[in-house]
Amino acid sequence: MSETKATRLEREITGSAVSSDLQAVASGGAEVATLTLAHPPLNLFDQAMLDALIADIAELSARPPRALLLRAEGKVVSGGVDVHVFDGLSIEQGAELWRTLFAQIIHPLEALPCPVIFAAHGLTLTAAFEIALACDLILAAPKAKFGLVETVVGLTPSMGGPQRLAERAGSGRAREFVMTGDLYDAATMAEWGVVNGVHDDVDAAARELTHRLAHGPTRAHAATKRIIEAWRSGGVAHADSVTPEVSGALFATEDLHGAVRSFLEVGPGKASYTGR
């Protein structure tokens with residue numbers, strides 16, 4: 001692994017920077033985490049990048065914030081995967097690579113009990129886009145371009161990209177996107193329903209949205225994610241079957257109690273939330 005870590009994980013409480021070893025959040029503070037790809041010049045997904053992401057996501061899973069922003073610094077979000085990662089792998093080694101990346105990056109990222117926002121300011125290829133598709137919301141700059149170009153080395157995207165793209169854009173679009181290996185701009189991705197918003201200053205827009213969601217009813221956001229995950233795995237009937245228990249548990253939260261009282265006393269939109 002390189003001397004300089006390939007990612008940077010920062011935590012912030014209501015605008016104040018805090019160290020990553022923070023053990024507790026002040027009452028009422030909304031902790032936001034920002035995970036930045038910082039592996040110049042192209043933020044390639046080599047072993048150093050993968051190891052850094054695995055470590056950061058493990059830390060986030062152990063101590064989740066109230067919202068997470070994924071972003072990148074540099075000219076591009078990522079130029080893709082360092083092909084050396086694939087060189088010489090056997091069938092079983094290739095399969096184990098994908099098992100590891102699902103188990104240690106994609107699935108724990110999706111399981112975080114808080115909103116997760118991805119900001120794409122430029123070219124976003126292969127693994128970076130697959131990670132974006134595992135996030136809750138994707139924002140993009142007008143100049144951002146997206147691609148799953150694994151066909152150039154005889155692969156198909158294998159960190160969940162095809163199926164998550166199909167979920168957002170439809171299976172026909174996913175086949176087109178993957179089989180052609182073409183690049184698609186932010187406007188097209190927004191039209192397809194893959195990107196949630198296109199912003200001239202995507203970093204500022206993403207930070208604003210992350211902070212807004214961090215100050216919301218965090219336990220309710222986590223319940224929303226669980227219900228949608230149930231739909232993804234088993235359809236509407238399965239989601240319906242888990243909703244009473246998942247949503248019912250919210251009646252034990254301080255946030256629901258306080259928001260109901262606030263609504264009854266001063267009307268809607270005045271409640272504040274602590275995430276408890």
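The values are calculated or read from the model by the stated rules, or taken from the named source; none is laboratory data. The structure displayed is predicted, hence computed values, not measured ones. Every residue, glycine among them, receives a Cβ derived from its backbone with ideal geometry; neighbour counts consider all protein chains shown. Surface areas here come from the heavy atoms of the whole protein model, side chains and all, with no ligands, DNA or RNA. Shrake-Rupley method; radii C 1.70, N 1.55, O 1.52, S 1.80 Å.
Here are the numbers for the structure shown:
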item: Residue check, VAL194 assigned to a helix (DSSP H, G or I) and on the phi < 0 side of the Ramachandran plot; result: no
item: Search result, residues across the stretch 40-52 that are in contact with a helix residue (DSSP H, G or I) (Cβ under 9 Å, 6 or more places away or on another chain) and surrounded by fewer than 24 Cβ atoms within 10 Å (Cβ to Cβ); result: ASP46, GLN47, LEU50
item: Condition met for SER247 (open to solvent by 40 Å² or more (accessible area, probe 1.4 Å), of a type in the set (Gly, Ala, Ser), touching a residue at least 40 places away in the same chain (Cβ under 8 Å) and closer than 29 Å to ILE13 by Cα); result: no
item: Filter result for VAL198 (open to solvent by 40 Å² or more (accessible area, probe 1.4 Å), within 11 Å of LEU139 (Cα to Cα) and either at pLDDT 95 or above or not aromatic (Phe, Trp, Tyr) (or both)); result: yes
item: Candidates GLY74, GLY94, GLY88 - the one that is out of contact with any helix residue (DSSP H, G or I) (no Cβ under 9 Å at 6 or more places or on another chain) and either charged (D, E, K, R) or open to solvent by 60 Å² or more (accessible area, probe 1.4 Å) (or both); result: GLY88
item: Selection status of ALA237, touching a residue at least 12 places away in the same chain (Cβ under 8 Å) and either closer than 27 Å to PHE177 by Cβ or in a helix (DSSP H, G or I) (or both); result: no
